[in-house]
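What follows is calculated from the coordinates using simple rules that are stated; it is not laboratory data. Please read these numbers as outputs of a predicted model, since none were measured by experiment. Every residue, glycine as well, gets a Cβ built from its backbone with ideal geometry; the counts of neighbours run over all protein chains shown.
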Amino acid sequence: MKIIFFDKNKELCEMAKTIPEIEVKNCDLSKIKADAISTASNPNFTFGGGIDAILKERFNLKKGEWLEIQKGDDKIKNVVLNITVDNELITSKELIRKAYINFFNVAKNEGWETVAVCGFGSGIGSLPNSTVIEALREAVDMYLTITNQGKLKVEIIGVNNLKLDKIDNLKITECGYATITECGYATITECGYATITSCWYAKITVCWYATITECGYAKITACGTAKITECENAIITKCWVAKITECGSTKITECGYATITACWNAKITECENATITACGYAKITECGDSTITECWVAKITACGDSTITECWVAKITECGSATITACENATITECEYAKITACWNIIALYSSGTADKVFFADKHKSEFEITNPYKKTDYKKCFLNKFKEKSDGKYYAYKFLTPEWESPINSLKLKYEVGKEIEEKCDKNVKEECSCGINLASLSWCKRNNNDKNNIYVKFEFDIKNAVVPNNSDGKFRVSKCLCVGKI
């Protein structure tokens, strides 16, 4: 795009010639031919003096909005309404630079080939000629950066409806409604309503209502009400009311009232009143009054008054007054006054290791049935009671083995035979979740943790006196002796 700088001020034009990327003409408006020209107006667009008065008379300009395009004539086809002074007719280098770069950006977006500007601020604004040229030089540099011409990369400031594509390591500030795509390592600040896509490792700050997509490893801060999607490994902070989706392994902090969905392995902290869904293996901490759903194997801590649903195998701690529903195989600790419903095979503990209640129920029954409720009794007895069969009063558990009947995990490769008893040294330290001994588990635990479809499931009989149950077990324990019953 050709930029023509024209002015009747000869000294100003000579100074403008130091900018080699533009064409300079020491003339009046009548000598200019271009696709568009910019006004130099106040915010009310009264067109009271200078170049504005001439443009109004020639093109019959009407009051309008900033950067509105009005019809020109055969020589100058379009007129863009622009602001170069405030309501008190005072200006600054920053305001002049903003006027120049926004006009250039409109021209780029419109696809115009030739545009014309005069010396903004040198007349009514009373700026020194050198300041006007400094503002013009900075605006031209921004335009060259936006259009990715040459190696120059300057900070882009205050550009409305900016469109950027495939330019790395940019600094973008106060650019509302921008569309920024594949600009890795960008620093994007105060760009409200922006659409930011595939900007890996970007720093995105105070971009309210932004739509941020596929920005892996980005640092996203104070972007309230933003839509943040597929930003894996991002750090998302203070994005209130944001919608955060499919951002695996992210760190999400102080995002109150956010809707957080399918963020696997995320660390979610201090997000009060959030709606957190399908965030498997997440660490969810201090998210009071939140709704937490389908967060399998999550660690949920200090989420008082939350509603926690279908978080199977979760570890739920210090969630006072929470409503906990359908959390199969969960370990629930220090959740005073919690309402626990339909949580099959859960273990509810205080930090002392004693059970408050252990619920075992048939999940297929039409109503939830509590059986074997214990009050502050032995944790081991509570846990192992679900392995006791009513038909013969004996205790049975399971392992998954290789097709050769060997343990796929134990380095000793113990081999098992139907009808034979096996004995091993067993670690009695209940603080060790996985240690030496013959490890047995519920059948559901075996199916969850078996990653080889060729492995087989085998049933074992054991005596509870030979069993060690780790604290907060998710279904696995170990024994010193057991009898191989057979394949199931």
Response to the item:
If every Lys and Arg gets +1 and every Asp and Glu gets -1 at its Cβ, then about the Cα centre the chain yields a dipole, in debye to the nearest 20, of 1060 debye
Worksheet entry | Extreme residue, positive dipole direction of the chain, given options THR211, GLY475, CYS255 (C-beta unit charges) | GLY475
Worksheet, complete the sentence: Helix-only [θ] at 222 nm, the chain, -39500 (n - 2.57) per DSSP H run of 4+, per residue, nearest 500, equals -4000 deg cm²/dmol
Item to complete: With the Cα gyration tensor of segment 1-127 in hand, give its eigenvalues times 5 under a square root as the equivalent ellipsoid semi-axes, listed largest first in whole angstrom.
Response: 19, 18, 14
Worksheet item: Among ASN60, GLY192, PHE400, whose Cα lies farthest out toward the positive end of the dipole of the chain, if unit charges sit on the beta carbon of Lys, Arg (+1) and Asp, Glu (-1)?
Response: PHE400
Practice prompt. Would you calculate the separation in nanometres between label points at ASN148 and LYS171, each defined as 7 Å from the Cα along the Cα-to-beta-carbon direction?
Written response: 2.2 nm
Discussion item. Just want the ordering: MET1, MET15, MET142, from fewest to most Cβ atoms lying within 10 Å of their own Cβ.
Written reply: MET1, MET15, MET142
Fill in: Cα-only radius of gyration and Dmax that characterise the chain, units Å
34.6, 108
Worksheet, complete the sentence: Of the listed links LYS243/LYS283; LYS339/LYS447; LYS238/LYS431; LYS388/LYS487; LYS420/LYS465, those spanning more than 25 angstrom between alpha carbons are LYS339/LYS447; LYS238/LYS431
Item to complete: May I ask for the net charge around ILE188, where only other residues with Cβ less than 9 Å from the Cβ of ILE188 are counted and Lys, Arg are +1 while Asp, Glu are -1?
Response: +1
Fill in: Along each principal axis, Cα extent of segment 155-247, largest first, Å
28, 21, 15
Worksheet item: Ranked by Cβ crowding within 10 angstrom, fewest neighbours first, how are VAL297, VAL115 ordered?
Response: VAL297, VAL115
Fill in: Ranked list, fewest to most other Cβ atoms within 10 Å of each Cβ, for THR323, THR91
THR323, THR91
Worksheet, complete the sentence: Expressed in angstrom, Rg and Dmax over the Cα atoms of segment 383-487 are 12.8, 36
Worksheet item: If the viscosity is 1.567 mPa s and the temperature 4 °C, what Stokes-Einstein diffusion coefficient in µm²/s follows for segment 124-194 when Rh is the Kirkwood radius over Cα pairs?
Response: 101 µm²/s
Worksheet, complete the sentence: Note on the chain: contact order normalised by length, alpha-carbon pairs under 8 Å, 6 or more apart, percent, works out to 5 percent
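Want the number for CYS436 to LYS10: 0.36 nm per residue separation, take away the alpha-carbon distance, what's left?
Working: separation 426, 0.36 × 426 = 153.36 nm, distance 9.06 nm.
Between CYS436 and LYS10, full extension yields 144.3 nm more.
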Response to the item:
Phi-derived 3J(HN,Hα) across segment 252-266 with the Karplus relation (6.51, -1.76, 1.60, θ = phi - 60°), rounded Hz, x for Gly and Pro, is 10, 10, 6, 9, x, 6, 6, 10, 10, 10, 6, 9, 5, 6, 6
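Could you work out the per residue convex hull volume over the alpha carbons of segment 101-155, in cubic angstrom?
Working: hull volume 5.0 nm³, N = 55.
Convex hull volume per residue, Cα atoms: 91 Å³.
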